[in-house]
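S.K.: Structure below; questions to follow.
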Amino acid sequence: MRVLGIETSCDETGAAIYDSERGLLAHTLYSQVEMQAEYGGVVPELAARDHVRKTIPLIEEVLKQSNMTLGDLDGVAYTAGPGLAGALMVGATIGRSLGFALSIPALGVHHMEGHLLAPMLEEAPPAFPFVALLVSGGHTQLIKVAGMGDYQILGDTLDDAVGEAFDKTARLMGLGYPGGAALSLLAERGNPERFDFPRPMTDRPGLDFSFSGLKTFALNTATKFGLDEQTKADIACAFQTAVVETLLIKCRRALRLTGWKRLVVAGGVGANRLLRQRLQEMTADEGGSVFFPRHEFCTDNGAMIAYVGCQRLMMGEKNDLEIKVYPRWPIENLTKIL
Ligand code: KG4
Ligand code: ZN
């Protein structure tokens, strides 16, 4: 089955074609980051309008890359949530209408399930069951993944998502938006001995997170010590170390709680070098292993949507003709894929 995947949930337009026999055939991405950076964040209306301009050209591009025409498609999958309503509406409208015009099934896919299953696109995909750490600009969750579509949230953030905390701290350092990757680069020049930031909520049982205090800690440190280049790097370093160690402590706890040995990390913050390295060490230490998507599939992309869509469409799932999006959509409400 050959499935076109369309991603338009936030500020990236993605398109991809996944073939159930041959794997990923093509994928392409357009990022609005430069446009949105001018405003210091995502302006929903601008995001939606830009998806309107970009989605169809990107679909044409992946068809061309895979030497296919629209008539070769067997199904269409689009991100139906969670995300920005107007932005989601663009991909959903285009995807659903394409399915209608081509008389093939169309299906709205859960964006976070896409992130969660993105490591399945790699050469050595994880086997089920596993614990997943979802770390993006909007989510920080530990999820017990018993099988495809069978998700139970073990821990969640009580305030900011990790990516959001990275972005807010990066903004404090004048690093632009979204600043997570830039902050992590700056951290490499920092002196790890200078500041010691707290590891929030690690001194009590449970798997929930809280990151807003770290951002405030960074602000207070900046107010006290100023923001010269070295101090900025030192704050970035202390912030990143605290975030990574906090995530590591909770991941270790989740592995011990479930008794499972495999950890999957997904979402934009999964691109973080220190996080990848430290989780590799931790899981090896626990006698387990960690799986990451390749860098470009950590952040938003169409490939993960095409992949999930294909699995579900093959099960016979499809949407009726009404075009629906779900800006808030709990991942635990999804159905199992057998
Ligand atoms: O998954 P994603 O592309 O979009 C959402 O669905 O949110 O994640 C984007 C988030 C942003 O907050 C960005 O700053 C962060 O991931 N991010 C990073 C790194 N690369 C991206 N955070 C820390 N270190 C990185 N290397
Ligand atoms: Zn995402």
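S.K.: Can you list residue pairs whose Cβ atoms sit under 6 Å apart, with the first residue in the range 305-324 being closer than 16 Å to residue 121 by Cβ and the second being assigned to a helix (DSSP H, G or I) and open to solvent by less than 60 Å² (accessible area, probe 1.4 Å)? Count only pairs 6 or more apart in sequence or on different chains.
M.R.: Final answer for the pair search is 305/114; 307/121; 308/113; 308/114; 308/117.
S.K.: Taking strands (runs of 3 or more DSSP E) that do not extend beyond the range 1-43, which have at least 1 residues that are surrounded by fewer than 24 Cβ atoms within 10 Å (Cβ to Cβ), within 15 Å of ligand 2 (Cβ to nearest atom) and among the aliphatic types (A, V, I, L, M)?
M.R.: 23-31
S.K.: So, one more: Between a residue in the range 123-140 that is over 15 Å from residue 290 (Cβ atoms) and any residue that is of a type in the set (Ser, Thr, Tyr) and assigned to a strand (DSSP E or B), which pairs come within a Cβ distance under 6 Å, given they are 6 or more apart or on different chains?
M.R.: 140/157
S.K.: Return the only residue of 180, 147, 108, 99 being touching a residue at least 24 places away in the same chain (Cβ under 8 Å) and closer than 23 Å to residue 243 by Cα.
M.R.: When all the criteria are applied, what remains is 180.
S.K.: I want to confirm something. Restricting to the range 246-270 and keeping residues that are in contact (Cβ under 8 Å) with a residue 24 or more places away in the chain and in a loop (DSSP other than H, G, I, E, B), which single residue is surrounded by the most Cβ atoms within 10 Å (Cβ to Cβ)?
M.R.: Here the residue is 267.
S.K.: Output the residue which, of all residues in the range 271-297 that are assigned to a helix (DSSP H, G or I) and hydrophobic (A, V, I, L, M, F, W, C), is farthest from ligand 1 (Cβ to nearest atom).
M.R.: It comes out as 284.
S.K.: Which one is nearest to residue 120 (Cα to Cα) among residues in the range 279-304 that are buried (at least 19 other Cβ atoms within 10 Å of the Cβ) and small (Gly, Ala, Ser)?
M.R.: 303
S.K.: Hey, can you tell me all the residues within the range 162-179 that are under 21 Å from residue 249 (Cα atoms) and either surrounded by fewer than 21 Cβ atoms within 10 Å (Cβ to Cβ) or small (Gly, Ala, Ser) (or both)?
M.R.: 163, 165
S.K.: Hey, can you tell me all the residues within the range 298-331 that are away from ligand 2 (no atom under 16 Å from the Cβ), outside any loop (DSSP other than H, G, I, E, B) and of a type outside the set (D, E, K, R)?
M.R.: 310, 311, 313, 314
S.K.: Looking only at the range 224-245, which residues are part of a helix (DSSP H, G or I) and either more than 16 Å from ligand 1 (Cβ to nearest atom) or open to solvent by 20 Å² or more (accessible area, probe 1.4 Å) (or both)?
M.R.: 224, 225, 229, 230, 231, 232, 234, 241, 245
S.K.: Looking at (1) assigned to a loop (DSSP other than H, G, I, E, B); (2) touching a Gly at 6+ places or on another chain (Cβ under 7 Å), which is the one condition that is false for residue 78?
M.R.: Failed condition: (1).
S.K.: Also, quick follow-up: Can you report the number of residues in the range 41-78 which are within 20 Å of the chain's Cα centre (by Cα) and under 30 Å from residue 179 (Cβ atoms)?
M.R.: Within the range 41-78, residues that are within 20 Å of the chain's Cα centre (by Cα) and under 30 Å from residue 179 (Cβ atoms) number 9.
S.K.: Quick check on the range 262-270. Is at least one of its residues β-branched (Val, Ile, Thr) and assigned by TED's automatic domain parsing to the domain that holds residue 76?
M.R.: no
S.K.: Could you tell me which residue of the range 47-84 is most open to solvent (accessible area, probe 1.4 Å), considering only residues that are within 16 Å of ligand 2 (Cβ to nearest atom) and closer than 10 Å to residue 8 by Cα?
M.R.: Residue satisfying both the conditions and the ranking: 84.
The values are calculated or read from the model by the stated rules, or taken from the named source; none is laboratory data. Nothing here was measured: the structure is a model prediction, and the numbers come from that model. Here Cβ is always computed from backbone atoms with ideal geometry, including for glycine, and neighbour counts include all displayed protein chains. We work out accessible area using only protein heavy atoms, side chains counted, and drop any ligands, DNA or RNA first. Shrake-Rupley method; radii C 1.70, N 1.55, O 1.52, S 1.80 Å.
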